[in-house]
Every structure is written in C-alpha cells, then in structure tokens.
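Below: the structure, in structure tokens.
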Amino acid sequence: VTVDPTLAALSDRLFSLTVALYSVAVLAFCAQLAFGRRPARSRELVAAGPAADLPATADTADPATGAAGETRQSRRWGQIGIVVTAAGVLTHAGVLVTRGLATDRLPWGNMYEFATGVLLVGVVAYLVLALRHPGLRHIGVFVMGPVVLALIAVGLRLYAEAAPLVAALRSSWLAIHVTAAILGFGIFFVSGIASILYLVRSRAEKRGDVGTGVVSRLPGAAALDRVAHRTAVFGFPIWTFAVIAGAIWAESAWGRFWGWDPKETWSFIAWVVYAAYLHARTTAGWRGRPAAWVNVVGLVVMLFNLLYVNMVSTGLHSYAGVN
Amino acid sequence: MGETLTLEDGTEITFTGVKEFAALQFSHDPGQVWVLGAAIALLTGLLGLLLLRRERFFARALPAPGSGPDAGGTVLAVASLTRGGGDPAPRFAALTAELQAALEARAGPAAARPVPPSGGTAPEPKGTEA
C-alpha cells in the first residue's frame, strides 16, 4: 500500500486552513458577545425566574430573550461566526477525506486522525444546534475556542504522518467500532461544554442577578441544560454501541470479548458516568446542578480515556502513533 | 545467513539464523453468546427508553364548586406526566385544545369554557396541569 504524498500534503494544508478558519470564527463569536448589549428589561425577565424549573415557561422565554436582547451588530457577527464555522467544517472534513484518499483507508487509524474526527463531530453537532436554535449561537466562542485549542494541540503533539494502517486495525470492525466511538465522543464533547456553561449560568441565575458581563449573554440555564441533556441522550446509545462493537471486535481479534484492558475499563467507566447523568437528570434531588456535574465528570473521563490511556498506560489500544 | 556487520564501536553482529514461531491462543467461553444477546437487548431497551415517549394523561371530572353561573357544571381537570422524548408542553396544549373543541361541538360554545387551574400541584415538575 503506497501513500499519495500530494494528497497527504493537501490534507496537512487543509488542517492549517481549518485552524485558521475556526480562529476567525472564534473572533466573530467574541465580537458577537462583545457587541451584544442587553437592554435592562431582559435582566428583569431573567431575575424573575425561579419558575425556570418549569420547562414549559423556560422554553419560550430563554431563546427569545437571547435573541431579543441582541443588537443588530451582534447578530451579524454571530451570523459571520456561523458561516465561517461552516466553511471550517468543510475544510475540516477535507482533512479527513484527503487523508483517507491518500492512504486508501478510513482516516481514523491513529490518534491524530481520531482526535481530528472527534472535533469535527463536535463542531458539526454545535453547528446543527446553532442553526436549529439561534439562541445557542451565543455559546459559539465556548465551543469553538476549545476546538481551536484542541486542534492546535492535536496538530502539534499527536500529528502522525499519513501511513497505511497498522496490521492490528485491518478489519471491517474499524469502520463500525471507531466510527461509533468518534460520533459518541464528539457529541459528548458538546454536551459537556453545555453542562459547564449551565453550571456557570445557573449559579448567576440563582443569585438572582446575571449581571451585564459574558454570563448575561449566555442562553438561559434551562436552555443550556436541555441542550446538554439532548446531546447526551443522542450520544449515549452511540457510545453504548461503540463499546459493544468493540467487545465483538475484541472477541474476534483477541479471543475474548472483555479483558479489562485500560481502554475497555475506562470506556465502561465513561458509560457508567453517562448512565448516571441520564438518571440523575430525572431524579429528584439530583436534577439540575448535581446532574450537570456528573456530565462534566463524564467529559473528563472521556478525555482521560483518550489522552492518558492512549499515551501513558500500556494496553492493547496502543495505536496512537505518537512517540 | 552468516553475514556479519561491525558497528562503529567494534561490536560484531552475526546473523546466525531464524527460528519460526507462532503464538496460539485457544479460548472457549460458552457464556459469550448470552452476553451478546444481553448486549443487544440492552441496546434495544436503551433506544426505546430514550427515544420513545412515555406519556400518561390524567383526567378528573368533578362537580363545579361554589354557586353562581358555574354551579351544576362539571370541571374536567387534565394532567400529563411525560418521560423521555422531549418537551411535552406543545403536545399537551394541543390535546387540551382538541378536548375543548370536542366538548364545544357536543354542548355548544357557551357550555365549555377553560377554567384556570385551581391550585392543584403536578406530581412532577415536568407535568403540566391545566
């Protein structure tokens, strides 16, 4: 199997272009927050919100206040951010497509490609949410900021030359197991960020004063909580499937479906944490902030599972290609 | 075979031969088919749990309290308890509107009037009472 050097170089160039485009999008989202002066009126609306526990009232109020308290300039910056992000998604997808074409295989054979794929799924998930609920554009900088930093870190620390797959990965289960893992992780990424923002926002709302700073420009706590929950609900079955497919692949490749390999163990821990989050969110006494903390712990476990388990611990999932 | 290489520090390396080997692993787990079945059942159940809407509607018909023009009528209280499947409020509003339309069709527009909820508490914050 040979590698097409032209396409591989194009993939690397697209990677840089993606980072550049996302950085521009972050700037636009910053400008959106900076120019989004809220009229005092909407502060009263939010402060009157002990009823925010009721989804019925919060549903109509929150995205509406997010949009109503927006100046025209701010809205335009938000739209620019969305358009530039969408352009970045195209080049980001191009990174993986050209890599796949250059090496004639699925472009998730090492940690660089895996992480690039996860971030692509995260950005696409955010973009879909932002297009469906315009009020959520305001979290753009908090999604795209970490994405830019993560992409830079991925490019600098995890980069692996385009190369054929290592022998252990040459199986059709790669398409099933790893694809599901990338999808689940990318969606959990957005879910975790929404929960972090929810924790910040709900603390301000509980104080009864969201102020005039950045926090006041976030979507309402109830809306953020709903985004976190919906994305987790979407990601959880995918993650479950990824673990099950991994077990089936493990059975056919290593002769056992579960061997407490570090990656298996931590995937299971992440699964338990996300199951706990979904339960906590509908359990009295855990609903709201405690549940959101569980979701944040879930994201931390996912990141630990990617970074620590791949790069530091020894196990059967050592395909990182990082030395 | 027999080739020799001298490294910079004087170490001599001779290729003396090759031994072929194979690592074989036999495993038998009679339970794993059951595990697969359980995993599929788990995933199916999970999808049903998360994607299907489980909705309970409660309706309670009570004689209208007090005197005046309302006396002798019936108050129909409707409530719902929803799990999974997103936001129940629009569906509930549609249901009550449909119910009211049906009542009006049977008894005439003057007879069926919405009455604001009278201090009833929903069994769950998620439930909406009207």
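Modelled spin labels at B:VAL75 and A:GLN79, positioned 7 Å past Cα toward Cβ, are 5.0 nm from each other. Mean projected area of the Cα convex hull of the range A:146-200, taken over all directions, amounts to 5.1 nm².
In this calculation the C-beta distance from A:LEU303 to B:GLU20 is compared with R0 = 45 Å, giving a FRET efficiency of 0.55. Excluding ligands, DNA and RNA, the accessible surface per residue across the range A:106-219 is 37 Å² with a 1.4 Å probe. Computed over the range B:1-42, the alpha-carbon pair-distance distribution with 10 angstrom bins reads 20, 19, 15, 12, 11, 19, 4, each value a whole percent. What a 1.4 Å probe finds exposed on the range A:105-195 is 72% carbon and sulfur by accessible area, rounded to a whole percent. The packing ranking, built from the mean of other Cβ atoms within 10 Å per residue, places the peptides B:25-31, A:271-277 in the order A:271-277, B:25-31, highest first. All C-alpha pair distances within the range A:91-143, sorted into 10 Å bins from zero, spread as 24, 42, 23, 11, 0 percent across the bins. Taking A:LYS263, B:LYS19 and ordering them by how much accessible surface each has at a 1.4 Å probe, largest first, produces B:LYS19, A:LYS263. All alpha carbon pair distances within the range A:132-276 were sorted into 5 Å bins beginning at 0; the resulting P(r) in whole percents reads 2, 8, 14, 16, 15, 15, 11, 8, 5, 3, 2, 0. Between the C-alpha center of the range A:125-147 and that of the range A:3-36 there is a gap of 16 Å. Helix A:289-311 axis versus longest C-alpha principal axis of chain A: approximately 20°, rounded to the nearest ten.
Against the empirical 2.2 N^0.38 Å (N residues), chain A has a Cα radius of gyration ratio of 1.05.
Loop-resident GluC sites (Glu not before Pro) (DSSP state other than H, G, I, E or B) in the range B:1-56 with no more than 11 further Cβ atoms inside 10 Å of their Cβ: B:GLU3, B:GLU8, B:GLU20. Residues of the range B:16-41 that bury at least 50 Å² of accessible area once all protein chains are present, compared with their chain alone (1.4 Å probe, heavy atoms only, ligands and nucleic acids left out), are B:GLN32.
Considering only C-alpha atoms, what is the centroid distance from the range A:194-222 to the range A:282-305, in Å? With the range A:194-222 and the range A:282-305 each reduced to a Cα centre, they are spaced 18 Å. Enter the buried accessible area of the A/B pair, total of both sides, probe 1.4 Å, in Å² rounded to the nearest 100. Counting protein atoms only, the buried area is about 1600 Å².
Per the Debye formula on identical point scatterers at the alpha carbon atoms of the range A:190-303, with no solvent, log10 I(q)/I(0) at q = 0.13, 0.14, 0.15, 0.16 Å⁻¹ is -0.55, -0.61, -0.68, -0.74.
The values are calculated or read from the model by the stated rules, or taken from the named source; none is laboratory data. In this text, all values refer to a predicted model and were calculated from it rather than measured experimentally. Heads up, the Cβs are rebuilt from the backbone with ideal geometry, glycines too, and the neighbour counts pull from every protein chain shown. Note: areas computed on protein heavy atoms with side chains; ligands, DNA, RNA excluded. Shrake-Rupley method; radii C 1.70, N 1.55, O 1.52, S 1.80 Å.
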